Every structure is written in structure tokens, then in C-alpha cells.
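Here's the structure, in C-alpha cells; my notes come after.
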Amino acid sequence: MTATPDALLASLARRLGQDRVLTDPSELVVYEADGSTMHDVTPRAVVFPRGTEEVAAVVQACLANGVAFVARGAGTGLSGGAMALDGGIVVALNRMDRILGIDVEDRRATVEPGVRNLAVSEAAARHGLFYAPDPSSQAVCTLGGNVAHNSGGPHTLKHGVTVNHVLGVQLVTPWGEVVRVGGPDRPGYDLLALLTGAEGTLGIVTEVEVALRRIPEGVRTLLASFPDVDRASAAVSAIIGAGIVPAALEMMDDVVVGALEAAFGFAFPSDAGALLLVESDGPEPGLDREAADVAEVCRAHGALDVRSADTAAERAEVWTARKKAFGALGRVARHYYTQDGVIPRTRLPDMLRHVREVAARHGLRVANVFHAGDGNLHPCILFDEDDAATRAKVLEAGAEILRHCVELGGSLTGEHGVGVEKREAMALLFSESDLELMRRLSDAWDPAGLCNPGKVLPMGAGCVELSPRARQAAL
Amino acid sequence: MNRAVPDVVLEPGDADEAAELLRGAASNGLALLVRGHGTRASQGALPRDVDAVFSTARLGAVETYEPGDLTLTVGCGIGLAALHDLLAERGQWLPLQAERRRGTLGGLLATAADGVVDLGYGRPRDLVLGARVALADGLVARARGRVVKNVAGYDVPRLLVGSFGTLGALLEVSLRVAPRPARRTAALLGYASVADALLAAERVREGRDEPVFVDVLAGACEPQLALGFDGSEERVAGCRRRAVAAAERVGCTGLMLLDDDASAELRRRLDDPVAHLLPEDEGARPGVVVRWSGRPSLLGGWLSAALAAAERAGVAVRADARPALGLGFLGLTGDDADALEATAREVLTLGRRRGAAVLLAAPDTLRGEPEDVWGPPPADWSLMERTAQALDPQRVFSCGRFVGGL
């Protein structure tokens, strides 16, 4: 006999304290959606556990009452992965934000899931160490969320994504048990790889051990402007073809260039149709030569201008342009919807042409800011009128872009995750057999079906009602 | 007890055939053992009786190779020699055991084999982008894909890497490959003691010269530190000079700088720990190779205790330790089987106190029980069992070789 949901809330309040259980609709609004989804849904309640034992208690209470639960960090996810479907409870981990230890000798940090990504590197910096994955939201997003989404960032081209840096986690399983899941080097299956990027559907991570790296000795940052994205794309292929593996290779198109000029007063050559940011890092020996080679390749592919950011301040300015590009788009449109598709890098020109055609056909504008080095696109569809007809067009344009990514041999998502947003699109990329294999894992790990349900795998017809909305652009 | 490899071999030529053969095997209740060239067949615990071998021998076709994308999709039955030759034609490489080149790609991945330049380029799990796998009931499925960045769906490919063929058979994988570096050099430094060599390794690690390997070698000769550097002429020259200078300050007794050819020879020797520590040219003496993994700061303690144990027992020993990776390999050889076995057990016990220690190679008498080979089941054992139950509920592929008897 299961108790009523109200009994669940009462028991959670008894266990955690009334101030750690939010049920007031006005307070729940914040937890309806995450960073940029076109959808929202109000959770039944939001709870704020203080540690692993409390998370396990919440999970056990939810199981006893047949209520779904979903972990949430800073809410910066971009695919609706932290939305509480099925009248579920949000388990907010952002107050579990202690750095539990930094082991300088063994180069690792142990943190609670609510620790901000950047806070790890800040704490490690005085030891000459840093945490490599650097999503653009790194000042806000949490390590727990990074593990759930296998987050990347501009520097993953050389340094790898989250899964390459997680050494161990403490997990509250979907059946409420606490298990320490060991690193890839303990004998046995690589369960860390399975958990990293599982979007919180296989349990809730309550402690993370990550590898720290030595801060590179030198950095060279170049900003090259090109007449158009085709020539910039050709330069990207040529850099990789020359055997150079930069730490970051980021591209921005003409719409972004205009927005950056408007928002920050950056001055680029007037005929710049694309910007390429190339950063090399590593030991000083040979680093100048690598940067010179990159500049040479850019010029040979029609660069209008190649600037070198020589001081820390200049580098910061260049990266401000990249990391605030989305924010700057607020100057040119009231709303935007960001996609996250991946293609084989050599198909960039084809893909960017397709993006422009799709936008033109729907009468929409689109801006491109993306990780060119690993073929991870972030087309940003801009729109002013927040009405149902426009939203439908925007979603359709986004879907067409994704379909083309799949047609070119790519993927639906490089770093934002499947979440709610792309779960039905999974059928574009994967066959029924492929999905069946994933379902077997999901069914075995979450037999009750209450651990962040409705994410990653397609539901087919009759799924949860979502109310579409558009995200107000920043600024 | 009959643990001979059976005569029945299922040898599919493509995914459809694999599915059909597996469905047939399942309906007859056959227990299977996945096998490539059999190079690593003696790893793991002794398999239980199996009814047939599932061979990847005919699954070696190159599906797509896009040098411009630095990606390759290929059948797992491809031999590593053929794979490395294919990539070399385009000036590229897959850094995993690129020097040793023995066995199949599938075998390398399924055993998560260690290679000499893993420090510089990543372990097998780090270079796998996607896979097509066959489960015991004939379900053939792809997971992830062939692009270098991808978070669509569960990471089944990495789950299969290092699973010793116990969850399903890897049919095809997509890999991230790399441009072959212009220069690949090395340096060898001699030391009066293992402690000095470890200290020198630590000095190198404190620097920022990004060596692709840092190995402390002990046993057969005076303790040595082996360092590798890849990249442009300027990069390798400058980094090697600085790293060697740092290592020399720890009372080095000798220094040898190796050019690319001599470096390749050294790398070939270090690439496969079993071949390195149980050299075939010294005859087929019974031998044991133990692999220790754990926190880098605990490596030295285990290594010195293990070397001392071997010395006490009069068992010949040689070691290759990779402090930056928290890895140590110890090879024991001797004609006195009892002394060898007792020493191996002592070295394993020492290693398991603070870290993980497994047998990479051992006489059958030491491989009878999974716990002897792998140690006691780890803390997350129940999750592993659950995962095996999900993908292979009849335990068709669980022949008892792996952790906990999977």
C-alpha cells in the first residue's frame, strides 16, 4: 500500500526539515525548466538534501510512494534533462557544494556534486593544477551536472571531455542504495563510463573524484578573421591536416561578429564573415612555431587578419568574445533557441550551407558559434515574436538541422544531452535494436522506472504533456 | 576437468551472420567464448567449459576511414599489424600498442591492453567513439557513433572495452586516430636504486614537458628511467633537454639519448608488459606478470615491497612502473614452481592492501579461481552483476574468466 503524495511530502519534511522542502507554486517556478529548453513542467516539490544519506532517504521515500525523482544542479542544462516529469520531485544538489579535498600529490579533487566547475580549477590553481573540461557555463554549472551530461567545452579538443577525467563517484542507485563506483582502473566493467552522460537516469551522483592536470606552461591564442565560413572551415581542416592538435578551435559567423561589435564594441575587419579562435597550449619549446604554423595556414586560406593575443588581458578579451557570444545575440534578437549537433569535421561547409538554407526557408535568422575542431555545431535560431506560430517554425528548423547532422554521419548532441528535447529524435539516429540495447540497461538499473523518467530514450506516443515556451534571450 | 578450447567455431562474416549464429547458439543453450587471434587468450581466470568459440576472424573489414576527420570505423577482427599499416599509409596512427602490433583490435579493446604511450595519448577507452555489438540472444546494436564528440545515448562502447567478452561481442568499432608525430624520441637514465629512479620520475612529473611515457625499469639491470617525447623537432628537443636535466639532478649514473629508431626499439620492448617482462627469447620458463593500479603516491611502496619479496624468495624479477598513471607491472620467473607461486601470491596480497592487483599472465595453477586473478569483487560488484544480467541474462558469454566469475 503506497501512501498519498502528500504523505510523501510530509515525510520528506520530517526527514530534511521543512525549510528544505519547497512546495509553494511561486517558488517552484524556478525549477520548471533548465537553461534553454523550449519546454517547462512544474515539479511536485523541490528538496535540498545535505549529504549522501539524505539523498538516499529521499530516493527511498520516493520509491515507497511511487513518485519519480530527478537530480538537478545549477539548472544550466540545455535539453530539459533536469525537468521533473510525471509529477516528480526535484532533488536539488546545488547546496551540496563542498570541495572535500584536493590531493596535490595524486592530482585529484574530491567534490560534492553541487560544486561549480570553475571552483575546482580556482581551488587547484595555487598548486599549479586545473580541471580541464570547461563548458561555457563553467562559472555556474556544477560537477554533478557535468557528470550527468559528460560535459565538454572549448578545450576538449585536446584535453578530452568529462568522462576522460572522472576517477570515481559515490552513487545513490535508483533503488536507494549507496555504492562507491570505482575508477576505470579497478578491475571490472567501466561503470563510470556508463554513468557519465547517462543524464541522471541510472542514479544520483553525490560525490565525484576528478583528475587534475598540470596547468600548461605556455598558451598562444590567435584570432583570425575570414571573409566567410567556408574559407574558415577550410583553414580548420588544413590545421588538423598539418598534424596540429590545438587546445581549442572555435568559430563564429558574421551574425555573431555583428552582435559582438554591437554588444562589446569589438572591432573586426569590416568584411569579416567568420572568426576563428585557435589556442595552442603546452610546453614552451615549439609553441611559437606551432602558433606561427597556424597563422600561416590561416593566411594561406584567405584570412583577412590574424591577431595574436599576447597578454593575459588580451587572451581574456578574446575568450570573452567567445564565451559571451550567446549573450551578445540579445542585441540582435529578443529570443533564441540553441541547437547542439555534431558532424564529421570535413562536412562543416556542407552543414553550414544547410543551416543557412533552412533558416532562409523558414524566414528565420541563425547565428553560429561552435567548436569547429570537433565538428560540434551550436546553430542559434533567432526570433523576435514569441508566438505559437514562430515557436513551431523554430522547432521545425531545429529538427531539420539535426536530421541533416544525422544524414552526414553525425550525432544529435555533442554535449547538451538528449534530455526531453531530443528523446524522440533518438529514433533518427538509432534503430529499434540500438534503442532496445539501451532500454535493457535502463530497465536493469532502474527497475521501478522512477529515476529521471522520460529522458534519453524515446517514449513513443502518449508521453508527458509539456508546455512549450521560448527562452527570453539574455541581456 | 576439461578446459580445452572446443572444436566448434562460429565465424560470422558480417553482423547479420553474427546475429543468426548467435540465435542458433542460444536456442541450443551453448556457452560461448569470444576470440580474435587468441593472443590474449591466456589472460583472466581459466574459462569454464564452453561449447563453442565465437571468432571475429572474418570481421576485419574497414567500414570507413576518413583521414580528414581523424576517425576510422573497422571490424574488430582486424589484426593490429594490418590496422597500423593502413593508418601509416596516410601519415596517421592509433597510439594503442602501435609498436607491438600483435593480436586483433577486438582483443586489445576487450582486454583494455596497456600500451607504452598511454600517458601521452590515452588508454583504449579514451579512443573509442562508437561500436556495433552483438548480444547473446542475437541482438545486434550500434551505440554512440563515429564523430569525436557525442553524448547521444548510453556509453555502451566504453562499457564493452575491458569487459573480456563477457557482456557481448564487439563486432565493429569507431576510433579516434591521430596524425603521426614528426619526431618520436626517448631518453634512458641509470640510477643506483629504484627509489632514486622513482624520485627522478617524480621530478619529471613536476615539470611541464608532457612526456608520452615515464617508465621506471628495474630488475634485469640497474634501475632505469625511460622517458619518451613526441612532436615537432623543436618540441621534442626542448622538452627532452629540460626533463633529462631535472632527472639527472637525482644522482643519475648514466644517460643515453635515443634517436627515433632507437626510441622505436625501446617502445616496442615496453609496449606490451607481458612480452616485456616475460621475454620469449629467454625460453619458455614459467612466469607470472602482476599488474598493480592505484594512487600514484602508493606505487613506490608496493614496488619496493614486491621487489624485496621476490629477492627473499630467490625468484627472478623485473619491473616496469608508470608512476604518472598509477600503474606498475612486475614479472616473476623461476624454475621452482612452488616458490614462484608463493611469491606471486605475496606480491598480489601486498598490492591489494592499497590498490588493485591482477594477474596478466600466470601458470594455470594460479588462474583457477577468478578471485586469484582479479582479487575480491570490488565495491560496485552488484552493479556489474546487474549490468551482465541486463545484457546477457543466460550468461552465454560469461565463461568465468572475468571479475567475480563473470
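The values are calculated or read from the model by the stated rules, or taken from the named source; none is laboratory data. Predicted model, so just to flag it, every value in this text is computed and none were measured. No Cβ is skipped: glycine too gets one built from the backbone with ideal geometry, and neighbour counts run over all protein chains shown. These area figures cover heavy atoms from the full protein model, side chains too; ligands, DNA and RNA do not enter into them. Shrake-Rupley method; radii C 1.70, N 1.55, O 1.52, S 1.80 Å.
State whether the residues of segment B:62-75 include one that is acidic (Asp, Glu) and crowded, with 21+ Cβ neighbours inside 10 Å. Yes, segment B:62-75 contains a residue that is acidic (Asp, Glu) and crowded, with 21+ Cβ neighbours inside 10 Å. Within segment A:49-75, being surrounded by 24 or more Cβ atoms within 10 Å (Cβ to Cβ) and assigned to a loop (DSSP other than H, G, I, E, B) holds for A:Pro49, A:Gly73.
Among the conditions (1) under 22 Å from the mean Cα position of the chain (by Cα); (2) at pLDDT 95 or above, the only one that A:Val369 does not satisfy is (2). Of all residues in segment B:286-302, those being charged (D, E, K, R) and either in a helix (DSSP H, G or I) or closer than 16 Å to A:Asp103 by Cβ (or both) number 1.
Output yes when any residue across segment B:299-310 is closer than 30 Å to B:Val358 by Cβ and among the hydroxyl-bearing types (Ser, Thr, Tyr), and no when none is. Yes: one or more hits.
Scanning segment B:394-406 for residues that are open to solvent by 10 Å² or more (accessible area, probe 1.4 Å) and facing chain A (nearest Cβ under 9 Å) gives a single hit, B:Gly404.
In segment A:141-197, the qualifying residues are those that are out of contact with any helix residue (DSSP H, G or I) (no Cβ under 6 Å at 6 or more places or on another chain) and of a type in the set (Ser, Thr, Tyr), and the one that is farthest from A:Gly35 (Cα to Cα) is A:Thr173. Within segment A:147-154, does at least one residue satisfy the condition of being part of a helix (DSSP H, G or I), closer than 30 Å to B:Pro376 by Cβ and away from chain B (no Cβ under 11 Å)? Yes, there is a match, as at least one residue in segment A:147-154 is part of a helix (DSSP H, G or I), closer than 30 Å to B:Pro376 by Cβ and away from chain B (no Cβ under 11 Å). Restricting A:Leu457, A:Leu428, A:Leu435, A:Leu475 to residues that are within 14 Å of chain B (Cβ to nearest Cβ), in a loop (DSSP other than H, G, I, E, B) and either surrounded by fewer than 19 Cβ atoms within 10 Å (Cβ to Cβ) or at pLDDT 95 or above (or both) narrows the list to A:Leu457.
When you scan segment A:420-436, do you find a residue that is polar (S, T, N, Q) and touching a residue at least 12 places away in the same chain (Cβ under 8 Å), even just one? The answer is no, given that none of the residues of segment A:420-436 is polar (S, T, N, Q) and touching a residue at least 12 places away in the same chain (Cβ under 8 Å). The residue of segment B:219-249 that is farthest from B:Ala178 (Cα to Cα), among those that are out of contact with any strand residue (DSSP E or B) (no Cβ under 9 Å at 6 or more places or on another chain) and more than 9 Å from chain A (Cβ to nearest Cβ), is B:Arg249.
Among the residues making up segment B:75-94, none is β-branched (Val, Ile, Thr) and touching a residue at least 60 places away in the same chain (Cβ under 8 Å).
For segment B:258-285, a tally of residues being open to solvent by 20 Å² or more (accessible area, probe 1.4 Å) and either basic (Lys, Arg) or in contact with a Ser or Thr (Cβ under 7 Å, 6 or more places away or on another chain) (or both) returns 6. Among the numbered conditions (1) farther than 20 Å from B:Asp196 by Cα; (2) touching a Pro at 6+ places or on another chain (Cβ under 8 Å), the only one that B:Arg242 does not meet is (1). Of the residues making up segment A:152-164, none is over 25 Å from the mean Cα position of the chain (by Cα) and not assigned by TED's automatic domain parsing to the domain that holds A:Glu53. Filtering segment B:335-347 to residues that are of a type in the set (D, E, K, R) and open to solvent by less than 70 Å² (accessible area, probe 1.4 Å) leaves only B:Glu341. Checked against (1) out of contact with any Gly (no Cβ under 6 Å at 6 or more places or on another chain); (2) more than 7 Å from chain A (Cβ to nearest Cβ); (3) open to solvent by less than 10 Å² (accessible area, probe 1.4 Å); (4) closer than 27 Å to B:His276 by Cα, B:Ala169 passes all but condition (4).
Screening B:Leu359 with (1) more than 14 Å from chain A (Cβ to nearest Cβ); (2) farther than 30 Å from A:Arg214 by Cβ; (3) under 18 Å from the mean Cα position of the chain (by Cα) gives one miss only, at (1). Only one of the listed residues (B:Leu298, B:Leu255, B:Leu350, B:Leu307) is within 14 Å of another protein chain (Cβ to nearest Cβ), of a type outside the set (S, T, N, Q) and open to solvent by 20 Å² or more (accessible area, probe 1.4 Å). That residue is B:Leu298.
The residue that is nearest to A:His155 (Cα to Cα), among those in segment A:385-420 that are among the polar types (S, T, N, Q) and within 14 Å of another protein chain (Cβ to nearest Cβ), is A:Thr413.
When restricted to residues that are in a helix (DSSP H, G or I), open to solvent by 40 Å² or more (accessible area, probe 1.4 Å) and not acidic (Asp, Glu), segment B:194-211 contains 3.
Kindly indicate whether B:Val161 is within 22 Å of B:Ala275 (Cα to Cα), within 19 Å of the chain's Cα centre (by Cα) and within 7 Å of chain A (Cβ to nearest Cβ). Answer is yes for this residue.
Taken together, A:Glu284, A:Glu357, A:Glu296 contain a single residue that is in a loop (DSSP other than H, G, I, E, B) and either open to solvent by 10 Å² or more (accessible area, probe 1.4 Å) or away from chain B (no Cβ under 14 Å) (or both), which is A:Glu284.
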